[in-house]
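A.B. asks: Before I ask anything, let me first share the structure, which is written out below as structure tokens.
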Amino acid sequence: MAQIIDGKLVSQNVKDRIRDEVAALKEQGKEITLAVIIVGDDPASRVYVNNKKKACEYVGFRSLEYALPVETTQEELIALVQELNEREDVNGILCQLPVPKHIDDKAVIAAISVKKDVDAFSSYNVGQIMIGDYDFLPCTPAGVMEMLHYYDIAVEGKNCVVIGRSNIVGKPMAMLLLHENGTVTITHSRTKDLTSYTKEADILVAAVGRAKFVTADMVKDGAVVIDVGMNRDENGKLCGDVDFDCVKEKCSYITPVPGGVGPMTIAMLMQNTLKAFYLQEK
Ligand code: NAP
């Protein structure tokens, strides 16, 4: 049976490290602030924003929430982002996605100062990740790498297969595995015979968004299985992209949902916010 990769434990370590650093900065009279914008009343987004605020509180950041009504225009949202860009007391800015359909999320992301782009979604920061010269890493893939490091799981020379090619998870995930000398394959909905790829994976990352999509027959014996998915099963219970109960019998390491990648994403957001503070101090 696989060893369970404990995202709660690893994220707690990251947050405790940040908390100590923030306490020392506070003694020097320095304060770190994350501004979080949420537009509309999507319940999932509300949960994510609340969790981010809770994490800010834990590590000692000040969090500013801007909850805007669903009818907010793109111009109004961008004007707020620009105001936050200018404010010296704001270190990080994030706009919770998805935004309502009448707003172009790319335009909003592009408006965020690259030094305050703690989600690392801007094309500048994505480009820096491509060339391996980055300040910020996108939170979810960075969280996965942090877990692999914590459990001493080497990537070098391994066959790494990522299912999913989103800009937020799949593509940057593949890039980070490549930076650590994995041999990386990105698969997606048009991939033919997906199992022929996943069965060869020493490290398999599922970022699909379909409940229990990865079944035991798709996984190589002894593989490391990372489940990024956050879905609801037929009973409304939170579950990942991996059929955890069956796959755990076959692999060497596996992340659970909940308690795996999710908490890591928030911890890495805290790490990026601290980084943003240092960048602005320079
Ligand atoms: P997304 O933008 O919807 O991307 C899903 C990807 O899966 C797409 O690239 C899609 O391929 C691929 N896909 C869909 N059906 C497939 C199939 N049958 N075979 C192979 N590939 C298939 O989703 P996302 O934003 O990357 O998120 C993925 C999952 O991770 C979701 O459950 C989301 O909630 C979760 N998530 C979790 C965290 C966290 O902190 N734990 C953070 C972000 C996201 P095409 O490109 O061809 O359509």
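A.B. asks: Looking only at segment 26-53, count how many residues are in contact (Cβ under 8 Å) with a residue 40 or more places away in the chain and outside any loop (DSSP other than H, G, I, E, B).
C.D. replies: First, pick out the residues of segment 26-53 that are in contact (Cβ under 8 Å) with a residue 40 or more places away in the chain: 30-40, 42, 45, 48-49, 51-52.
Retained after the next criterion (residues that are outside any loop (DSSP other than H, G, I, E, B)): 33-39, 45, 48-49, 51-52.
Residues meeting the conditions: 12.
A.B. asks: Any residue in segment 255-266 that's under 9 Å from MET230 (Cα atoms): show its pairings with residues that are hydrophobic (A, V, I, L, M, F, W, C) and within 9 Å of the ligand (Cβ to nearest atom) at Cβ separation under 7 Å, as long as the two are six or more apart or on different chains.
C.D. replies: Every condition considered, the pairs that remain are VAL257/MET230; GLY262/MET230.
A.B. asks: What's the number of the condition VAL225 fails, among (1) away from the ligand (no atom under 16 Å from the Cβ); (2) open to solvent by less than 40 Å² (accessible area, probe 1.4 Å)?
C.D. replies: (1)
A.B. asks: Have a look at ASP245, ASP233 and point out the one that is exposed (fewer than 14 other Cβ atoms within 10 Å of the Cβ) and more than 14 Å from the ligand (Cβ to nearest atom). Step through it out loud before you land on a result.
C.D. replies: Values: ASP233 fails: more than 14 Å from the ligand (Cβ to nearest atom).
Sole residue among the options that is exposed (fewer than 14 other Cβ atoms within 10 Å of the Cβ) and more than 14 Å from the ligand (Cβ to nearest atom): ASP245.
A.B. asks: I've got another one for you. Got a number for residues in segment 113-129 being open to solvent by 20 Å² or more (accessible area, probe 1.4 Å) and among the hydrophobic types (A, V, I, L, M, F, W, C)?
C.D. replies: Of the residues in segment 113-129, 3 are open to solvent by 20 Å² or more (accessible area, probe 1.4 Å) and among the hydrophobic types (A, V, I, L, M, F, W, C).
A.B. asks: Could you please let me know if ALA211 is near the ligand (Cβ under 10 Å from one of its atoms), aliphatic (A, V, I, L, M), more than 28 Å from HIS149 (Cβ to Cβ) and open to solvent by less than 50 Å² (accessible area, probe 1.4 Å)?
C.D. replies: yes
The values are calculated or read from the model by the stated rules, or taken from the named source; none is laboratory data. Just so it is clear, the model here is predicted, and its values are computed rather than measured. For neighbour counting, all protein chains shown are included, and Cβ atoms are generated from backbone atoms with ideal geometry for every residue, glycine included. Side chains included, ligands, DNA and RNA excluded: accessible areas come from the protein's heavy atoms. Shrake-Rupley method; radii C 1.70, N 1.55, O 1.52, S 1.80 Å.
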